[in-house]
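Working notes for the structure below.
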Amino acid sequence: SASASASAAPPAVDALSSPTATLKSRLAAGETLYGLFLLSANPTLAEIAGLAGYDYVVVDMEHGPGGISDALPCLRALAATGTPAVLRLPESSAVWAKKALDLGPQGVMFPMVDDAASAAAAVSYCRFPPRGVRGSAHTVVRASGYGVDDGYLEHYEEGLLVMCQVETEKAVGEVEAIAAVDGVDCIQMGPLDLSAALGYLWDPGHRKVREVIAEVERRVLSNGGAYLSGFAMPHDSPEELKKRGYHMVAGAVDLGMFRKAAVEDVLRFRNAPGSGDAAGGGDEGEEGEDKEKGYWSE
C-alpha cells in the first residue's frame, strides 16, 4: 500500500564512491587499470581526471599538501564522475587508516610496508574487531552512506582494495611474505623511495635500481597472489609496465602534468619567431627538454 511504502526503510546503497564494478572485481576479471595520482588535493582537478576516463585516481595524502578534510571534496568530485578513489595515507597507522576508510574510498594505500608483520598490521587497521582493530562509527560516516547502507558491515571488505608499498631494501627482501599476507590485495612499487634506499636518489633509472625492481616484479607475478601496481617514469612508460604484467598503472601526477604543460606553454611563446633573444632564446628549449628527463614525484 501507499502508506506501507511511505513508512518502509530506504533501500541499502553502496558507498558513495563507486560504480557497480569495483576495482577488485575488474582486477579479478583480468583488466589492466590505468590511473592518476592527485597530489594537488584539488576537487576540480579530481573531477577533470574522472571525466577524462581514468580507471582510478589516487588522492595522495603522503606527499600532497592535503589531509582528510581536503580529500573529502576530491572523493565527492570523483564519485560524481563514477571514478573509484584510492587514498594514500601519510603513514601506515591505525588512526590514519580509520579516518581514510570512514570516507569510503575503494582502496587504501599504505606507504613503507617493510615486512609481513607491517602488512598484517595494515590489514588489521582495515578490519573491525575481532578480526582487526578498526574503530567503528559505521552508522554515521560517509563510507556507509551516513548509515543509509545498512549492509555496509557485511560487504565493505569485498570491495576494499588494500595496497602495500614496497620501497625499501628490507621490503624487497620480504616482498613474497608481504604479498602472501591475508588481506593484502596489491603490491605497489615505490621507485623513487626505492632508488633512494639503494643509494641512487638522483638516478632512479640506474641499472641497479631497474634490476631490483625487475626482481620484485618477477617474484610478485610468479606467485599469483597479490596484484602488482606501479608508477610510470620517464625511463619506464605506462605501456612498458603493462607489457611486463602490471595490473594497475599510474601514468602521471596531476602537478607534474600541469608543470609540463605550463613550461611548454611558456617556452612555445618565448621561442616563437620574433620573440627575440631577450625573452629567453633557444637555450630554454634545451633546458626544458633536460627537465623532462627528470622524474615525477611518488
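Among the residues making up the range 243-262, a single one is in a helix (DSSP H, G or I), among the charged types (D, E, K, R) and under 30 Å from ARG219 (Cβ atoms): LYS243. Within the range 161-172, the set of residues being crowded, with 20+ Cβ neighbours inside 10 Å and either under 17 Å from the mean Cα position of the chain (by Cα) or of a type in the set (Ser, Thr, Tyr) (or both) comprises LEU161, VAL162, MET163, CYS164, GLN165, VAL166, GLU167.
Pull up the range 141-160, narrow it to residues that are of a type in the set (D, E, K, R) and outside any helix (DSSP H, G or I), then point me to the one that is surrounded by the most Cβ atoms within 10 Å (Cβ to Cβ). Filtering first and then ranking leaves ASP149. Which residues, taken from the range 213-250, are under 22 Å from LEU36 (Cβ atoms) and of a type in the set (Ser, Thr, Tyr)? Answer for the range 213-250, where residues must be under 22 Å from LEU36 (Cβ atoms) and of a type in the set (Ser, Thr, Tyr): TYR227, SER229, SER237, TYR246. I need a count of the residues in the range 102-133 that are in contact (Cβ under 8 Å) with a residue 12 or more places away in the chain and more than 21 Å from ALA179 (Cα to Cα). Number of matching residues: 5.
The numbered conditions (1) on the phi > 0 side of the Ramachandran plot; (2) of a type outside the set (A, V, I, L, M); (3) in a helix (DSSP H, G or I) are all true for GLY183 except (3). For LYS170, state whether it is of a type outside the set (A, V, I, L, M, F, W, C) and either farther than 27 Å from ARG127 by Cα or in a strand (DSSP E or B) (or both). Answer is no for this residue.
Specify the residue that is nearest to LEU101 (Cα to Cα); the eligible residues are those in the range 46-59 that are free of Cβ contacts under 8 Å to residues at least 40 places away in the same chain and either surrounded by 20 or more Cβ atoms within 10 Å (Cβ to Cβ) or touching a helix residue (DSSP H, G or I) at 6+ places or on another chain (Cβ under 7 Å) (or both). Ranking the candidates gives VAL57 first.
Rundown of residues vs (1) in contact with a helix residue (DSSP H, G or I) (Cβ under 6 Å, 6 or more places away or on another chain); (2) closer than 29 Å to MET109 by Cα; (3) modelled with pLDDT of 95 or more, yes/no style:
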| position | (1), (2), (3) |
| --- | --- |
| LEU228 | yes, yes, yes |
| HIS235 | no, yes, no |
| LYS243 | no, yes, yes |
| LEU255 | no, yes, yes |
| LYS260 | no, yes, yes |
| ASP265 | no, no, yes |
| ALA279 | yes, no, no |
| ASP290 | no, no, no |
| GLY294 | no, yes, no |
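Consider ALA79 carefully, then state whether it is surrounded by 15 or more Cβ atoms within 10 Å (Cβ to Cβ), over 25 Å from ALA226 (Cα atoms) and not acidic (Asp, Glu). In short, yes. Of VAL175, VAL133, all but one fail to be under 28 Å from LEU39 (Cβ atoms) and either surrounded by fewer than 22 Cβ atoms within 10 Å (Cβ to Cβ) or modelled with pLDDT of 95 or more (or both); the exception is VAL175.
The values are calculated or read from the model by the stated rules, or taken from the named source; none is laboratory data. Keep in mind the model is a prediction, meaning the values are calculated, not measured. When we count neighbours, we look across all protein chains shown, and the Cβ atoms used for this are built from the backbone with ideal geometry, even at glycine.
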